[in-house]
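Here is the structure we will look at.
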There are 2 protein chains.
Amino acid sequence: MNITLRTILKDSDPVAIREIASDTAFFSEAEIATAGELAVETLAKPDEYLFIFAELDGRVVGYVCYGEIPLTSGSYDLYWIVVKLSLQGAGIGQMLLAAVEQEVRARNGRQIFISTSSREQYAHTRAFYEHAGYSLNAQLTDFYTIGEDECIYRKNVL
Amino acid sequence: MNITLRTILKDSDPVAIREIASDTAFFSEAEIATAGELAVETLAKPDEYLFIFAELDGRVVGYVCYGEIPLTSGSYDLYWIVVKLSLQGAGIGQMLLAAVEQEVRARNGRQIFISTSSREQYAHTRAFYEHAGYSLNAQLTDFYTIGEDECIYRKNVL
């Protein structure tokens, strides 16, 4: 499987992002809209957010959206990481995560934070981050809604 | 002292915000620019962020900027709270904080998060939040820079 990575955002990416996010059947309508919106904002205002796209035969099959956290020096946040449902488990997510870490180091970043939900639905997601060397740094009770905490994972990339 | 509160943003507010933030001698240039930018963005796109201004004789002497955290249901973040240096300690900060809590409740919000720095410079700020009923919920090591953690305070407003 010949996956290529691309960091330059294209006009077609907001649609591609919404398609693969919908395809996972994992995200709510509001989440899908927000994910697309970050690409729209970045097309209007370059470097607002950073992106890496994974492509197979010229089609987007996964992506990450990340950026330096405002008013910090070297702390990055990974906002979205999505892989097309039929290709999950093939290492594309780990490839995207490794690419982000390399890029963060190149930008003199020190650490990456990833927030995710405490819900059972996200057990696989949390295991994916832990497997990649991220550890649970804090947990904010009832953050998303009552009974659904925010789990903040962190990895030092220096 | 007759302080009035105003929630409708005016064209003159970005300048007023930068003036009182500079006046405190507390914020960096980058922080002052960011604080003003949130008002500029909200003038262009209403409800992007929420504001409450404290005015004395028609002049802005303090303000708060807050909003519902995207993709949460009822969790709010207090982004900025600033009171003009010469009027600090007169209860304007507590008045603004109480007004935010009332407004968050009116919007069916459940809780308010406030992030601040672990630096000694912010000891007074942390005491101010603790006095107002906020408790330290999590602390992210080296978040802002090496040796400067993010302290995440939380208050249930229900």
- Pair list, Cβ under 7 Å, 6 or more apart: the stretch A:88-102 residue in contact (Cβ under 8 Å) with a residue 24 or more places away in the chain, other residue assigned to a helix (DSSP H, G or I) and surrounded by 15 or more Cβ atoms within 10 Å (Cβ to Cβ): A:G93/A:F128
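Just the residues that are within 14 Å of chain A (Cβ to nearest Cβ) and assigned to a helix (DSSP H, G or I), please, taken from the stretch B:1-29.
Within the stretch B:1-29, B:A21, B:E29 qualify.
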- Query: Got a sec? Which of A:V40, A:V64, A:V15, A:V83 is in contact with a helix residue (DSSP H, G or I) (Cβ under 7 Å, 6 or more places away or on another chain) and farther than 30 Å from B:W80 by Cα?
  - Reply: A:V83
- Query: Where residues in the stretch A:11-29 are hydrophobic (A, V, I, L, M, F, W, C) and modelled with pLDDT under 95, which of them is nearest to A:H124 (Cα to Cα)?
  - Reply: A:F26
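Residue by residue, here is whether (1) under 29 Å from A:D149 (Cβ atoms); (2) in contact with an Asp or Glu (Cβ under 7 Å, 6 or more places away or on another chain); (3) surrounded by fewer than 20 Cβ atoms within 10 Å (Cβ to Cβ) holds:
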residue: B:N2; (1), (2), (3): no, no, yes
residue: B:E29; (1), (2), (3): no, no, yes
residue: B:A54; (1), (2), (3): no, no, no
residue: B:R59; (1), (2), (3): no, no, yes
residue: B:C65; (1), (2), (3): yes, no, no
residue: B:I69; (1), (2), (3): yes, yes, yes
residue: B:T72; (1), (2), (3): yes, no, no
- Item | Pick from the stretch B:122-134, criterion hydroxyl-bearing (S, T, Y) and closer than 30 Å to A:G109 by Cα, ranking: surrounded by the fewest Cβ atoms within 10 Å (Cβ to Cβ) | B:Y122
- Since B:T7 meets every condition but one in (1) farther than 18 Å from B:R119 by Cβ; (2) free of Cβ contacts under 8 Å to residues at least 40 places away in the same chain, which condition does it not meet? (2)
- Note on the structure: Filtering strands (runs of 3 or more DSSP E) wholly in the stretch A:30-145 for at least 1 residues that are away from chain B (no Cβ under 12 Å) and at pLDDT 95 or above gives A:50-56, A:59-68, A:75-83, A:111-117
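The values are calculated or read from the model by the stated rules, or taken from the named source; none is laboratory data. Please read all numbers here as calculations on a predicted model, not as lab measurements. Neighbour counts are summed over all protein chains in view; Cβ atoms, including those assigned to glycine, are modelled from backbone coordinates with ideal geometry.
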